[in-house]
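Inspection log for the structure reproduced underneath, given as structure tokens.
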Amino acid sequence: MDTESTYSGYSYYSGRSRGSHRHGERSRDRHKSRIKESSRSEKSVTINAPPAEPLLGDQSVRGEEVQDDNWGETTTAVTGTSEHSLSQEDIVRISKDLDDSVGLDCKRYLNVALSVILGLVVFLTPLAFLILPHLLWPDRLRACGTACEGLYISVAFKLLILLLAVWALFFRPPRAGLPRIFVFRALLATLVLLFVLSYWLFYGVRILDSQDEDYQGIVQYAVSLVDALLFIHYLAIVLLELRQLQPFFSLCVTRSTDGATQHYNLGQLSIQRAAVVILENYYKDFPVHNPAMLTASKSRAAKHLAGLKVYNVDGPGGNNAAAGIAQSQSRAMIAAAARRRDSSHNDLYYEEAEHERRVRKRKARLVVAVEEAFTHIRRMQEEEKKKAPGDVMDPREAAQAIFPSMARALQKYLRTTRQQHLHSMESIQQHLAFCITNNMTPKAFLESYLTTGPTLQYGKDRWLARQWTLISEASVTSGLKDGTIFLLKCIDFSLVVTTKKIPYIKLDEEFIDPKSHKFVLRLQSETSV
Amino acid sequence: MSFIPGHPVTAVVQRIEIHKLRDGDNLILGFSIGGGIDQDPGQNPFSEDKTDKGIYVTRVSKGGPAEVAGLRMGDKIMQVNGWDMTMVTHDQARKKLTKKNEDVVRLLVTRKSLETVVRQSMMQH
């Protein structure tokens, strides 16, 4: 059939070692694709035109480790029907290539160019106001004395302050590329433009045309322009920076794959800006996404589905078997599944207890091994400087010296907790050298392996998915409201965000006189008579 | 034995007459009391209603005059020689019971079993 899912053979035997952690650097940069996690097998979808299944339908079952560059030669694909078999990653890669067009960069450069031009125009306008009379009608100008010079100084300093303020507020590297324009910035830019244009209009009509001789008035006009620009800058600070500082909404962010949840308090932001804040916090707050942990529940679900098969015996429906089972049939299937007495809960319970025991045993062995390894080296004292240079090691060598004694225990522990793809041997040795240099204890060294940390903790190449998609029913430039729900999707998972308004808190006061704290005993006596 | 403030208390009571026993200079009755309006009613193990501040019999010594007369542990004392015991302090109750010039105290006591017996006997008719 066209839509069979097949097992292609490059999961195990394509020359990739389990413990090592090779990234196709080239492919990474080129495709910005995510790194596969290791799992038991890999499903690849055989697509023959026309495709009967949705393109990214089986998205949750993630494939193997990263693309080996030679996968073309080393795969042994057991396909049923066609010769053209594209695996899922290929499809995703191709679609991403199409997305990653030149257009996005162009937009960013256009923005930068526009804002630079606007800035230059605004900055040079007061200077132009001051200089033009001297150029156009120098002889008719009434010389103005000290008052004008004072005004020159004030213009100069105000322009300097404005320049510094604009540099501080606007000349920062952008933290994110937003899908729509930033509404407040656009409004402010429009306001500034209109403002400066109206000043130019007035200047052009009243001063240039009539060739006014009162130079002091012109200078004062220029000063008023600079003052107004400073006030517009104050408005910019309030709108762009200060308004969203006061918390107004509480956002609940849940990861779709494993349900990890965090809450953030944000101010009145538009949906896209809120999304940026959430993503910045995602990398530090959420434990790293580990697809290897999800396979257990999927296998259980697969067993459920495999238990009952529904055969469509009436008429053609080969292609629709997967897509559309009749309503009644599906209901019957669910009812039958509910009635069937299976013991999968029993399996789950014992499996989890067993896993727990195994993890604890491995952890104990690991802790002992690491502690013992750390006892083998110590910092060189001052008076030992005379030792032969062969004995003295720098941190990296020291790490390499003690690493073998703990490597096996660490490897086993990582494998049991399914973290082995997150740490390469290189990174472990680097971390060990780092801990040795900073006089950390074995417990401190182990902490990053015993608990899964946030995504930030792992190397930069682990920062999967810098490309996020914002999915929202409301317009993304509209503000957050109570009950707004939007999704932030990346390739492997999505973050579901719900908004709740922080309630209005009414505080009352109650005064307690310090002298009013008095106590009596609770009596309970028994008297014999 | 429930108590509604402002309403008269009705209870099925038993009359118990205890003859005090002379023990040297003391006259002893052979039981212990607990409770009182100055005490904490929540710690009374015998009361049904934990806000009841009445006087309860907490212990009856074996073979003493009280046990002989029929007093039982957990009884609530309503009257002693005509004096009310439902709204007295612990010390007042003790004083009323241990008057030196009285040889006999006549108590009105109530307990839950009295009420059930009366109700059962009424139901039989």
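Structure notes:
- Solvent exposure of chain B, expressed per residue, is 59 Å² of accessible area, with all protein chains present and a 1.4 angstrom probe.
- Solvent exposure of A:Lys303, expressed as accessible area, is near 120 Å², computed with a probe of 1.4 Å over the protein chains only.
- Pairwise burial B:A, computed as accessible area of each alone minus the pair, summed, 1.4 Å, Å²: 1100 Å²
- For the pair A:Glu510 and A:Ala143, the difference between a 0.36 nm per residue extended length and the Cα-Cα distance amounts to 125.1 nm.
- Qualifying GluC sites (Glu not before Pro) in the stretch B:39-125, where qualification requires a DSSP coil assignment and no more than 12 other C-beta atoms within 10 Å, comprise B:Glu48.
- Projected label distance in nm at A:Val520 and A:Ile377, using a 7 Å step from Cα toward the beta-carbon: 7.3 nm
- Taking one quarter of the surface of the C-alpha convex hull of chain B gives a mean projected area of 8.5 nm².
- Amide N of the stretch A:283-301 lying under 19 Å from the label point, which is placed 7 angstrom from the Cα of A:Glu352 along Cα→Cβ: A:290-301
- With a 10 Å cut-off around each Cβ of A:515-528, the average count of Cβ atoms from other chains is 5.
- The stretch A:330-450 - accessible surface per residue (Å², probe 1.4 Å): 68 Å²
- Scaling the Cα radius of gyration of the stretch A:94-244 by the globular reference 2.2 N^0.38 Å produces a ratio of 1.32.
- Other-chain or far-sequence residues with amide H under 5 Å of A:Leu269's (modelled H): A:Leu480
- Going from the chain on its own to the full set of protein chains, the stretch B:84-116 has these residues losing 30 Å² or more of accessible surface (heavy atoms, 1.4 Å probe, no ligands, DNA or RNA): B:His90, B:Arg94.
- Largest accessible area first, the listed residues A:Tyr458, A:Tyr199, A:Tyr504 line up as A:Tyr504, A:Tyr199, A:Tyr458 when surface is computed with a 1.4 Å probe on the assembled protein chains.
The values are calculated or read from the model by the stated rules, or taken from the named source; none is laboratory data. Note that the structure is predicted; figures quoted are calculated from it, not measured. Here Cβ is always computed from backbone atoms with ideal geometry, including for glycine, and neighbour counts include all displayed protein chains. Accessible surface areas use protein heavy atoms only, side chains included; no ligands, DNA or RNA. Shrake-Rupley method; radii C 1.70, N 1.55, O 1.52, S 1.80 Å.
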